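Below is a structure I'd like to ask you about.
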Amino acid sequence: MSQDSIDNNFSAYIAYLRNVIFDPKNAVIDLDELPNDEFRDFANALMQFGDMVMEMRDFAISLSRGELNKSLPSQTNELAAPLKSLQATLKHLTWQAKQISGGDYSQHANFMGEFSDAFNEMVELLSERSQETKAEFDRNKTRLEELARANSIFEVITSNMAEWIVMVDRDTGERLFANHTTDSMLVTDTFEQQLYDILFESASSMSVDDEPKKEEFTLISDTAVQYFEMMLYPIRWFAHDAVACVLTDVTTSRELYSRLEDVAYKDAATGINNRLFGMDLLERFTKERVAFELIFVDIDMLKYVNDVFGHAEGDAYIKCVAETLQEVSSMAYVCRLGGDEFMVIVNEDNVKGRDMNVVLEDLRSKLINSSIRDEDGEIKYRRSISYGVIKVGKDNELPISDILETADERMYEYKKLHRMERRV
């Protein structure tokens, strides 16, 4: 079989893989055009893989829209297992939100989709209760002002509330009041000092006529980290100009959100950003008119390494490339698109005048120098990458698909130029 025929067949495979990603409706290989059963068997396996990838993408898109009743991918699609698990988690979170709207405040969740409806129901319920409480407070305000022991009454009211309630003097930072929840949850003296330093800093910037404001902060000790949302209300407290601080511990929801974000945006094999993260970032940068450079990277000879040395060695090769690409810039976003393809996005403000082609060429040389050798010092296989770089300005009018296609074409031009080098 001629080299041209082999090249044409591989071009068909490459075109199919590109269509799987960018044009699924046209993702097909004409088996009748292939020269023999070996090529057809490979094409069949490739299309089976492509079908699994496209099925995963459709399912992931449905999840991103909050469509939790979307039919699961086929049982034979092992690649979709994490997405199936994510769908089950989202359904459970929706159930938790509905429990909260029914008055079960032991549930903690923070997510999207159908959960938003349940959350809104909860907000409406809490709003009604707040209005009822305010009306009751207004009716009792005159009587409370006449009571000499108003502080004791306030302590009784707040002692069993889940929120942390603290009153501080705006001028001195003196603690005027803290409810039982606050005292019981301050785990160390360091924790307590951090809290009152933060509260005094926020309170000292307010005047009695200011509107209430919302802030967020973190408390850190040797054994714990806690995240809070805080509402600040300037008031007159006996002889003090004070600020009432109502703190809500959001540690559980933050940690849950962080774990879910890792599932959604991280590549399980390498720990770097995945394709979904990269595409979301591209959409945000183009929408916000951010100038950036986009780099398409393809691992050279990964299939050869997998076939000859095994997938464990191939996985090590992938991880090595992922680690190396993170040296493009400490501010670069490195994303694995899947298989042997990566995408790197660098905000133009962080390029600092460097030529990304020079940077990538240096990293490619570093990879080549790390090529795997046998006991005699002979190279078992040569590590390297092919890449394409495109600059996208603030005045860009191209759609994301055209930007991706241009970067992809430049990468393949580079790969063709270095084809003989790889063979050697």
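In the stretch 350-407, which residues are assigned to a loop (DSSP other than H, G, I, E, B) and buried (at least 16 other Cβ atoms within 10 Å of the Cβ)?
V351, R382, R383, S384, N396
Can I ask one more? For the stretch 63-78: of the residues being within 17 Å of Q48 (Cα to Cα) and surrounded by 14 or more Cβ atoms within 10 Å (Cβ to Cβ), which is modelled with the highest pLDDT?
P73
Something else now. Hey, does the stretch 67-76 have a residue that's within 19 Å of the chain's Cα centre (by Cα) and either outside any helix (DSSP H, G or I) or not aliphatic (A, V, I, L, M) (or both)?
no
Being without any contact (Cβ under 8 Å) to a residue 40 or more places away in the chain, under 30 Å from V168 (Cβ atoms) and small (G, A, S) is true for just one of S253, S221. Which residue is that?
Every option except S221 fails the conditions.
Tell me the helices (runs of 4 or more DSSP H) entirely within the stretch 218-315 that contain at least 1 residues that are surrounded by 14 or more Cβ atoms within 10 Å (Cβ to Cβ) and under 18 Å from the mean Cα position of the chain (by Cα).
Answer list for the stretch 218-315: 251-265, 275-287.
Under 7 Å by Cβ, and 6 or more places apart or on different chains, what pairs join a residue from the stretch 229-250 that is within 17 Å of H180 (Cα to Cα) with one that is not in a strand (DSSP E or B)?
Every condition considered, the pairs that remain are C245/L199; V246/E163; L247/E163; T248/E163.
Let me ask something else about it. Considering only residues that are buried (at least 16 other Cβ atoms within 10 Å of the Cβ) and either of a type in the set (S, T, Y) or part of a loop (DSSP other than H, G, I, E, B) (or both), look in the stretch 28-61 and name the one that is modelled with the highest pLDDT.
I29
Anything in the stretch 163-194 that is farther than 14 Å from A244 by Cβ and touching a strand residue (DSSP E or B) at 6+ places or on another chain (Cβ under 6 Å)? List them, or say none.
Within the stretch 163-194, T181, F191, Q194 meet the criteria.
The values are calculated or read from the model by the stated rules, or taken from the named source; none is laboratory data. Keep in mind the model is a prediction, meaning the values are calculated, not measured. Because the Cβ atoms are built from the backbone with ideal geometry, glycine has one as well, and the counts that use them run over all protein chains shown.
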